[in-house]
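Student: Following this message is one structure expressed as structure tokens.
Read-outs: derived from the displayed coordinates by stated rules, not from any lab. Everything numeric here is computed off the predicted structure, so don't read it as measured data. Neighbour counts are summed over all protein chains in view; Cβ atoms, including those assigned to glycine, are modelled from backbone coordinates with ideal geometry.
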Amino acid sequence: MAKTQIFYAPKGTYDILPSDQKYWERINKIVRELAVFYGFERIDTPIFEEASLFSRGLGLTSEVVDKQMYVFKTRGGDELTLRPEGTAPIVRAYIERGMSVFPQPLKLYYSGPMFRHENPQKGRFRQFYQWGLEVFGEKDAVADAQVIHTSFQVFKELGISGFNIQVNSIGCKKCRPRFRDVLNNHYHSFLKRLCPDCKRRFKENIFRLFDCKNENCIALKQTAPQVIEYLCDECHNHFKYVLEFLDEVNLPYLLNPYLFRGLDYYSQTVFEFWPENEVIPGNFALGGGGRYNYLVETLGGKPTPAVGGAFGFERAIEIMRAQKIKVADSKPKIKVFLAQLGILAKRRCLKLMEEFRQAGITVAESFGRDSIKAQMRVADRLGAEWVLILGQKEALDGTIILREMSSGSQEVIPQEKVIQIVKKRLAAKG
Ligand code: HAM
């Protein structure tokens, strides 16, 4: 006999079981409420896009494009990618759908699955969920602060504490080349001490040196020049305003002069939210983002200032669990249970159930069970306050038994008045 094959979820993926859904629902609800309050509108883009959207948008030397994209050829010969992030697809939609003629700034929010071929570990998956905010058509520093502030409020509403916000400015096309030269000169004399990856990064994209986790490279980073000292006046002032806005809303932040972020599209402000290690161990950011004033143009649109950020669901949930944050189940509380005996009663109950739904009353059942005793046990387990019992006799004479679970008292009522009577009883109990 052929051996039965057992299937497993692909490496780096997981199932969101019914008991876990409440975390996802909670985050989605809070993101939606806050985003809408702050003037963001929902956008959804496809799960896959043309592969070149990301190589052009995120940069060929970014780790995401270089090593982590799921790229596949379709039967028609197109090269597509499972989206590794949401910003480039939204910029594509902004250009393709002519959103630049909408009133600006255009504020968009989203949530959904992203895909990166990473080495799975704590807080790192191959399919993971992000929520994010993007603002188009606003060059004022207030937009940067609003994205950071709205994101902070989401964490606050979730009840998450013990994380910090790191910020930096990485300059613009005008001032960054000068800093790159300075950095080049600095690292040139330390080339031999860099790890093999950083030797490559030195040639390809020197700012990536700051992302290295190698101890030697981290130590060298601490002696490197800081970008902040090489900003042009415009970038300097922009950053100053961002910090002033953050101060105004009492948002605590840390300046991290070596924060550059791993994607090529950033300019000026960059930020990341980091859990403090004593709160939850793990080397992962809760989220991050920044300004990307050149991306719309890079992807074929007209020059449009933009800023945004994205955050991982799994990492927030990990902290919610570690901090024992209570999340209420969104399942409605069962107050009424419908029990039946006999085929005629079962049929009538199916109809009754629909009548209750239309009346806005949640009713539970266990129609698969035939014994009243077994059905009463289910009603008890669900915590129902009332049980309606429809037997063969009641089905024929148009009545139904209403039993109060706490007292065990029963009464026979007409079926056509059952909704009305149950409604009254529920209202009386409050
Ligand atoms: P990112 O830093 O690549 O930025 O990702 C943002 C967040 O997504 C991370 O901080 C983390 O919480 C989560 N994340 C990323 N990769 C994984 C993974 N493999 N497993 C679990 N969680 C993960 C972006 O994606 C930019 N699009 C952010 C942005 C929006 N910039 C401007 N607008």
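Student: Taking N as the number of residues in the chain, what value does Rg over Cα atoms divided by 2.2 N^0.38 Å take?
Tutor: Working: Rg = 28.6 Å, N = 430, 2.2 N^0.38 = 22.0 Å.
Here the answer is 1.30, to two decimals.
Student: Sticking with this one: Helix-only estimate, please: 222 nm mean residue ellipticity of the chain, summing -39500 (n - 2.57) across DSSP H runs of length 4 or more and dividing by its residues, to the nearest 500. Provide the component values of the computation, followed by the final result.
Tutor: Working: 15 runs with 162 residues, N = 430.
It comes out at -11500 deg cm²/dmol, rounded to the nearest 500.
Student: Order these by the 10 Å Cβ neighbour count, fewest first: 149, 236.
Tutor: On the way: 149 19, 236 16.
Sorted ascending by nearby Cβ count, the order is 236, 149.
Student: Rounded to the nearest 0.05, what FRET efficiency is calculated for residue 371 and residue 52 with R0 set to 51 Å and r the Cβ-Cβ distance? Kindly include the intermediate steps, with their values, before the conclusion.
Tutor: Numbers: r = 64 Å, r/R0 = 1.25.
Computed FRET efficiency for residue 371 and residue 52: 0.20.
Student: Would you please give the residues with an amide H less than 5 Å from that of residue 268, counting only those at least 5 places away or on a separate chain, with H modeled from the backbone geometry?
Tutor: 170, 171, 172
Student: Quick one: compute a quarter of the convex hull surface over the Cα atoms of region 1-131 and quote it in nm².
Tutor: On the way: hull surface 48.4 nm².
Its average projected convex-hull area is 12.1 nm².
Student: Need the full-extension length gain, residue 330 to residue 161, defined as separation in residues times 0.36 nm minus the C-alpha distance. One decimal, nm.
Tutor: Between residue 330 and residue 161, full extension yields an extra 58.5 nm.
Student: Of all DSSP beta bridges located in the chain, what percent are antiparallel, nearest 5? Before the final figure, lay out each step's value.
Tutor: Values: 51 of 63 bridges.
Roughly 80 percent of the DSSP beta bridges within the chain come out antiparallel.
Student: What FRET efficiency would be calculated for the residue pair residue 419, residue 38, taking the C-beta separation as r and a Förster radius of 45 Å, to the nearest 0.05? Don't jump to the answer; show the numbers that get you there.
Tutor: On the way: r = 42 Å, r/R0 = 0.92.
About 0.60, to the nearest 0.05.
Student: Going by C-beta contacts inside 10 Å, put 45, 81 in order with the fewest on the left.
Tutor: Numbers: 45 17, 81 22.
In order of increasing Cβ crowding within 10 Å: 45, 81.
Student: By counting other Cβ atoms within 10 Å of each Cβ, how are 83, 369 ranked from fewest to most? Intermediate values should be presented prior to the final figure.
Tutor: Numbers: 83 24, 369 15.
With the sparsest Cβ surroundings first, the list reads 369, 83.
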